[in-house]
1. Got a number for residues in region A:24-39 being farther than 23 Å from D:Trp144 by Cα and either within 14 Å of another protein chain (Cβ to nearest Cβ) or of a type outside the set (Val, Ile, Thr) (or both)?
2. If I filter region A:35-52 for residues that are within 26 Å of D:Met146 (Cα to Cα), within 12 Å of the chain's Cα centre (by Cα) and either modelled with pLDDT under 95 or of a type in the set (Phe, Trp, Tyr) (or both), do I get at least one hit?
3. Would you confirm whether any residue within region D:90-102 is within 11 Å of another protein chain (Cβ to nearest Cβ), closer than 23 Å to C:Leu102 by Cα and modelled with pLDDT of 95 or more?
4. Can you find a residue in region B:20-40 that is without any contact (Cβ under 8 Å) to a residue 40 or more places away in the chain, closer than 17 Å to C:Thr60 by Cβ and assigned to a loop (DSSP other than H, G, I, E, B)?
5. I'd like to know if region D:103-117 contains one or more residues that are crowded, with 19+ Cβ neighbours inside 10 Å, of a type in the set (Lys, Arg) and in contact (Cβ under 8 Å) with a residue 12 or more places away in the chain.
6. Suppose we keep only residues that are out of contact with any strand residue (DSSP E or B) (no Cβ under 6 Å at 6 or more places or on another chain) and either at pLDDT 95 or above or crowded, with 22+ Cβ neighbours inside 10 Å (or both) within region C:36-50. Which one would you say is nearest to the other protein chains (Cβ to nearest Cβ)?
7. Among the residues in region B:2-12, are any under 13 Å from the mean Cα position of the chain (by Cα), of a type in the set (A, V, I, L, M), more than 23 Å from C:Ile57 (Cβ to Cβ) and not in a helix (DSSP H, G or I)?
8. Can we say B:Gln59 is among the polar types (S, T, N, Q), more than 10 Å from every other protein chain (Cβ to nearest Cβ) and free of Cβ contacts under 8 Å to residues at least 12 places away in the same chain?
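The values are calculated or read from the model by the stated rules, or taken from the named source; none is laboratory data. Predicted, not measured: the structure shown is a model, and the values here were computed from it. With ideal geometry, Cβ positions are generated from the backbone for all residues, glycine too; neighbour counts draw on all protein chains shown.
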Amino acid sequence: MTVTVLYFAQIAEKIGVNREQFELKDSVNTADLVSILKDKYPQITEQKFKIAVNQLLLQGEKELEDGAEIALLPPFAGG
Amino acid sequence: MTVTVLYFAQIAEKIGVNREQFELKDSVNTADLVSILKDKYPQITEQKFKIAVNQLLLQGEKELEDGAEIALLPPFAGG
Amino acid sequence: MADKKKPKNVFVEGAITPEKIAASIAHHQVKTRIGAHDIFLGQVRADEVDGKTVRAIEYTAYQEMALKTFHEIRESAFEKFDLTCMHIYHSLGFVKSGEICLFVFTSSAHRKDAMDACRYLVEQIKEKAPIFGREVFEDESHQWKMNQ
Amino acid sequence: MADKKKPKNVFVEGAITPEKIAASIAHHQVKTRIGAHDIFLGQVRADEVDGKTVRAIEYTAYQEMALKTFHEIRESAFEKFDLTCMHIYHSLGFVKSGEICLFVFTSSAHRKDAMDACRYLVEQIKEKAPIFGREVFEDESHQWKMNQ
């Protein structure tokens, strides 16, 4: 399956990428994806972030589906 | 002693007076004055009001002094 | 920073305009230690009573006492909360339904103090300021407003 | 009365001006069932960090998710509180220190609902909206803002 990963703020700044696509095995869940991302971008290992799947904040882990949009969200600063 | 009594809002409306002076015996306190006023203006007997002496809201009773300014204040409606 | 001691002109003749509120907000943009403003606005409602609708409130006040009361309320708010600025304006005279009669404006480095102080001020003003309101209906009859 | 279902344009490019706030207030004067408005304004502080002063915050957002989040926050506020109107505006892009980046505006017949709702909205926005802030210092270095 293909998923899109979005990076924001200090994460996008650290890795120099805003958005990219990944081809994943069908059994991959969000925790697996985070491991893949931390392997690819060791500079985010220490970074605090939340994950949104299809624009919903994730609680715990979740199976991924083809076409999913996953976002890595550093701490919010609105207001 | 001479005191000034101020009337506001529905009280002034009911009695047709905003302000008047009273010559009182030296021993008169605020409770005595209220009796005098209710005798003079029976139309305020049922009216709810607070009393201020020299622009301070009165708690309980208070001796009056010459030159005091006493206000009869119907319920507040600010804001 | 706090402009605690300046005597304040609380009463405004007639309604408080949106332009006055905008000017007051703009005036605070030089105060760059402020992070949060809270503004409360009281607006005259077209309440219906026995089939008649309020078209305006005529405000009167025991002005000297009210100004002292506002001063005390201001001082107590500056003691209780960490505020940069505080402004209070109240109408006198006629304010039509839909128009604004009370403008309370608090500013602080952080939101909690601004919001807590604004609420405190509004409650104190409603309870303690000797201000009276004559609710005038469309047929020119009236009743006297009472805060709850 | 409640304009619950209209889709809302939350994001504003750059600072929110006092004139925009005044226009929004004026717009509510035809709604004569309103008795109380509460307005919260977030203003960019010129914070000092290690001797450097913040001159602006550059706001970015995960916009599609943020608009959904704002919509949910709005709906939940309309359920919790008795509101006539509710408006939320947040800046994107550069907002200089002293300028306004957040404008939350609640209106109700009575003050308690307007004030409770305004506070609820501000807390929810700070906690849940995926908005990011780059604090830019006078020497063009920066750090990333984090809500507490």
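1. Of the residues in that region, 10 qualify.
2. So far as region A:35-52 goes, yes, one or more of its residues are within 26 Å of D:Met146 (Cα to Cα), within 12 Å of the chain's Cα centre (by Cα) and either modelled with pLDDT under 95 or of a type in the set (Phe, Trp, Tyr) (or both).
3. yes
4. No, that holds for no residue.
5. yes
6. So, considering only residues that are out of contact with any strand residue (DSSP E or B) (no Cβ under 6 Å at 6 or more places or on another chain) and either at pLDDT 95 or above or crowded, with 22+ Cβ neighbours inside 10 Å (or both), the one nearest to the other protein chains (Cβ to nearest Cβ) is C:Arg45.
7. Yes, the conditions are met somewhere in region B:2-12.
8. Against the criterion (among the polar types (S, T, N, Q), more than 10 Å from every other protein chain (Cβ to nearest Cβ) and free of Cβ contacts under 8 Å to residues at least 12 places away in the same chain), B:Gln59 qualifies.
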